[in-house]
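Beneath this line is the structure, given in structure tokens, with notes to follow.
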Amino acid sequence: MRSKSILVVIILLVLSLPLTGALCKSQKSITSEPAALKVWLYDQDKKAFDDLVVDYQSDNSKVSFEFIEKSGDQATYEKELIDAIAAKNAPDIALIREDWVAKHYDKLTPLSPVEKQTADDLTKELRDVFVTAVGEKMIYDNKVYGLPLKMDTLALYYNANHFEEANLESAPKNWNEFVYDVKKLTKRDQFGNLTRSAAALGTSNNVDHSQDILYTLMIQNGTKIVSDDHKSATFNTSITKASGEIYYPGTNALDFYNSFASPAKETYTWNNSQPSSMRAFADGKVSMIFDYSYRQEEIYNLNPTFRFNIAPMPQIKDTSNPTTYPYFFSYAVTNNSAHSDVAWDFIKYLSRVSTSIKKDKAKEAYQNMDEGSAVFAGQPYIARTFYKSREPEQVDAIFQTVIKNVVAGQPLQAALDAASAEVTSILQVKG
């Protein structure tokens with residue numbers, strides 16, 4: 001499941017040294033009065049918290065815990081949480097997805113600065129301590145609304161047998177190599193019909209996380225998806241290069257993504273008639289997909305004997321700004337909590353014993369990154385995201401529609417212009 005591995009990481013790192021500052025400063029005996037905390041876990045085993053609670057209670061004997069396991073689809077979990085908050089029956093602590101902060105900040109209690117610290121000091125501390133994507137998502141209106149313990153990222157999954165058959169010795173490190181590999185791996189029959197695809201790219205209906213892949217390409221290409229004031233979408237606009245050339249980075253990224261599903265392009269390797277990217281990969285019908293770490297279990301369940309490897313997200317050749325896209329949940333305190341200071345102290349304790357997305361540790365993991373599980377340890381250091389409005393699901397749907405419309409024949413710039421107008425409307429109406 002998506003979040004269960006977080007707990008293993010925490011337990012293994014329980015002896016990590018604490019950081020200093022408001023975010024990770026755990027006070028001994030945070031309260032002299034009894035404080036009962038209710039914690040909602042999403043896709044996590046509450047037994048994994050047993051040792052952590054014992055350790056925390058050694059300094060905070062007045063604090064007790066009730067862990068409640070939640071599962072199911074994310075929309076159902078989100079609705080249950082919001083309904084509980086409205087009914088004044090919410091947990092003290094709950095897991096929230098990274099793009100729910102802007103959507104539900106008014107239902108949460110932010111972390112308070114300590115001593116003489118200002119709000120600016122606190123947000124700076126978070127940005128200094130954690131990898132960049134944490135600050136991009138957990139800070140809203142200059143306040144800190146949650147702390148994650150782990151971060152997932154998009155990476156390249158590839159079929160080891162297919163690569164060996166094509167005499168490809170390693171996974172592509174940049175998009176130039178990726179295009180070369182696509183041409184080598186794609187197979188067609190005598191009529192030019194695809195018999196095996198090289199990569200699941202170009203469409204939206206059968207490519208898992210298609211919008212996240214497009215976001216990654218846009219950010220890698222220097223696209224500012226939303227304006228700094230969060231009032232307008234800018235992914236359809238141009239930039240002027242040092243040479244004076246007018247360039248549309250968002251349009252270029254969309255064109256590249258679409259090229260793998262365009263029969264007129266030499267990179268054509270995927271179309272709407274294919275099964276889902278995950279199913280096709282597990283069945284050996286496609287050589288490469290882009291996905292998150294939690295999908296490994298699903299692949300093994302679909303095909304227990306399948307030989308696949310995981311490599312870092314390809315980058316623009318010779319880039320100085322490597323990027324991939326993140327996905328994570330954070331621990332947050334609901335505004336129903338009567339013990340918000342205690343709840344935040346426990347979250348800071350969890351953060352103290354988990355170092356995987358602290359900037360210094362993530363940088364070290366990134367510098368030593370190879371393939372396999374090391375990819376997901378190192379890539380949080382380069383993860384980047386953007387402000388997705390208070391209606392993130394609507395924004396995702398708009399980008400999925402952009403991809404669909406371009407596949408259907410709509411001109412690239414027209415598709416992005418229409419999408420930009422829709423996202424801008426959401427930003428101006430919803431925020």
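Summary of values
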quantity	calculated
Cα shape, the stretch 379-431, gyration tensor, a/c 1.5 rule	oblate
Descending principal axes extents, the chain, alpha-carbon based, whole Å	77, 49, 41
GNM flexibility winner over the chain from Ala261, Ala242, Ala133 (Cα, springs under 10 Å)	Ala242
Among Gly146, Phe178, Leu194 the positive-end extreme of the charge dipole of the stretch 65-223 (Cβ point charges)	Leu194
Helical contribution to [θ] at 222 nm, DSSP H n ≥ 4, -39,500 (n - 2.57), averaged over the chain, rounded to 500	-11500 deg cm²/dmol
Size of charge dipole - the stretch 321-399 - debye, nearest 20, with Cβ of Lys, Arg +1 and Asp, Glu -1, no other charges	240
Residue among Trp100, Trp175, Trp270 with the largest mean-square fluctuation in a Gaussian network model of the chain, springs linking Cα atoms under 10 Å	Trp175
Percent breakdown of C-alpha pair distances by 5 Å bin, ordered from the shortest bin, for the stretch 220-270	4, 20, 19, 18, 16, 14, 6, 3, 0
Crossing angle, helix 210-220 versus the chain [Cα axis fit, 0-90 degrees, rounded to tens]	90
Low-density loop positions, GluC sites (Glu not before Pro), the stretch 337-394 - DSSP coil, at most 14 other Cβ in 10 Å	none
With Cα atoms, 0 to 90° folded angle of helix 392-407 axis to the chain main axis	0
Gaussian network model of the chain, springs between alpha carbon atoms under 10 Å - residue of Val407, Val53, Val375 with greatest fluctuation	Val53
For the stretch 20-156, the Rg and Dmax computed from alpha carbons only, in angstrom	16.0, 50
Unit charges on C-beta of K, R, D, E only; dipole of the chain, Debye	240
Positive-end residue of Ala75, Ala414, Ser356, charge dipole of the chain with Cβ unit charges	Ala414
Extension gain from Ser227 to Ser112, taking 0.36 nm per residue of separation minus the Cα-Cα distance	38.6 nm
Kirkwood Rh and Cα Rg combined as Rg/Rh, the stretch 112-222	1.18
Computed Kirkwood radius, in angstrom, where 1/r is averaged over Cα pairs of the stretch 231-350	19.3
Rotationally averaged projected area of the stretch 295-389 (alpha carbon convex hull; nm²)	9.8
Over the chain, relative contact order from alpha-carbon pairs under 8 Å, at least 6 apart, %	26
Hydrodynamic radius of the stretch 208-294 per Kirkwood, over alpha carbon pairs, in Å	14.9
GluC sites (Glu not before Pro) within the stretch 63-119, DSSP loop, no more than 13 other Cβ atoms inside 10 Å	Glu115
Integer Hz, Karplus 6.51/-1.76/1.60 couplings in order for the stretch 274-286, x for Gly and Pro	6, x, 4, 4, 5, 5, 4, 5, 5, 8, x, 8, 9
Sorted by Cβ density within 10 Å, fewest first, the residues Met278, Met288	Met278, Met288
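Read-outs: derived from the displayed coordinates by stated rules, not from any lab. Note that the structure is predicted; figures quoted are calculated from it, not measured. Glycine gets a Cβ as well: all are built from the backbone with ideal geometry, and neighbour counts include every protein chain shown.
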